[in-house]
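Have a look at the structure below before the remarks.
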Amino acid sequence: LQRQESLVLKSLGLTARPSPRSPPPVPHLLWKMFHKRANLSSPASEEGKTPCWVEEFRVPGNIIRVFPDQGQFIHSDKPRSWLCLQKRLYFNFSTLDKGEQVTMAQLQIHFHHNQYQVASPGHPLELSLYQATQAALRGMSSHAYSRKLLVEQSFIHLHKSFVFNLTEAAKMWQTPARNLGLVLEIAGGKLCSGADSFLDTSLLVVSLAHRQCRSTRKRR
Amino acid sequence: STYYVPTGASNICKPRRLYISFRDVGWEDWIIAPQGYLANYCLGECPFPLAEDLNSTNHAILQTVVHSLDPEGTPQPCCVPVRLSPISILYYDNDDNVVLRHYEDMVVDECGC
């Protein structure tokens, strides 16, 4: 029975029966997408639609994952007063199969803020997102290693959520040696201290496992 | 000459109802949804002569002919799934990531010989 189970799990893309230790909550969007699919009696038979197409994002794909951020906050020896948050973002892609093709990646940044509507009245905060392109050695300052600016955005309300398209970066991260993560910086406000305590980031990735995508067209 | 025994409609090859509960399989810890699904299975005879609605292959038609001539030497064709449909499963993977995945060939819709 165990051998049979391992064969089934392998076909599901799993190395062993998962035993979640600290399972994160299921994102609302995934629940919504699941229920939409469950309500379709036979999605494959829908006219003009293939089962390996994610309509919500209009990209090919049959696997949708939400990766929690595993990065740490960066605590510099020389704190810069203008910088209220500096954090590494890291998403572990080891679970992706070699044959999988990433077709979309979306970084979601949520501020679970319920105390202040405005972080710094009259002074917008600056959010910058960098892709780390070279590993940093211990003791090096954050600017000593090379990084590429991906996004810059001003905002005032800390309760806001942001979504950024990181498809190109995520495609690169399928090669483990090139997955050095991101650096998120929020700068500018006087009242932004403690912003880290309510920051929540995750990466939603759509990928396509070709082997499990079969044409639904009937043979003539 | 051949020997024809009519088979009752209930014994004819067709999909039968099977609900698979992930709790019964012991997978309830990591599969978030659904808790189970109607997977069905194929069961029944493929008797001679094969009716058209049994989705028979040419091979099965000839096998029933040969079976009718020599029941001891050649078995009847098997009743197997000929059309399956996919389902989506929401689960935690080995790294505690939440995954929504589309799986082909999970539900038996039609059986044939």
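No lab work stands behind these numbers, since they all come straight from the coordinates. As the structure is a prediction and not an experimental result, all values here were calculated from the model. So basically every Cβ, Gly included, is an ideal-geometry build from the backbone, and we count neighbours across all protein chains shown.
Points to keep in mind about this one:
- Split chain B at each of the GluC sites (Glu not before Pro) in a DSSP loop with at most 15 other beta carbon atoms within 10 Å, and the longest piece is B:29-71.
- Cut-off under 5 Å, modelled amide H: who pairs with B:L18 long-range: B:A39, B:N40, B:Y41
- Each principal axis of the Cα cloud of chain B was evaluated for its coordinate range; sorted largest first, these ranges are 65, 24, 23 Å.
- Efficiency of FRET from Cβ geometry, A:Q2 and A:H110, R₀ 30 Å, rounded to 0.05: 0.15
- For B:R83, distant residues with modelled amide H under 5 Å away: B:D109, B:E110
- Förster-model FRET efficiency, 56 Å R0, A:I156 and B:E110, C-beta, rounded to 0.05: 0.45
- Using distinct alpha-carbon pairs, which all enter the 1/r mean, Kirkwood radius of the stretch B:56-113 in Å: 14.3
- Local net charge near A:P20, Cβ-Cβ under 12 Å (Lys/Arg +1, Asp/Glu -1): -3
- Label-point gap, in nm, between A:S22 and B:V65 - each point 7 angstrom along Cα→Cβ: 6.9
- Helices in chain B, meaning DSSP H runs of at least 4 residues, each add -39500 (n - 2.57). Divided by all residues, the mean residue ellipticity at 222 nm is -4000 deg cm²/dmol.
- Partners of A:K87 within straight-line reach, counting aspartates and glutamates whose Cα lies under 20 Å from its Cα and excluding those fewer than 8 residues away in the same chain: A:D69, A:D77, A:E126, A:E152, A:E185, A:D196, A:D200.
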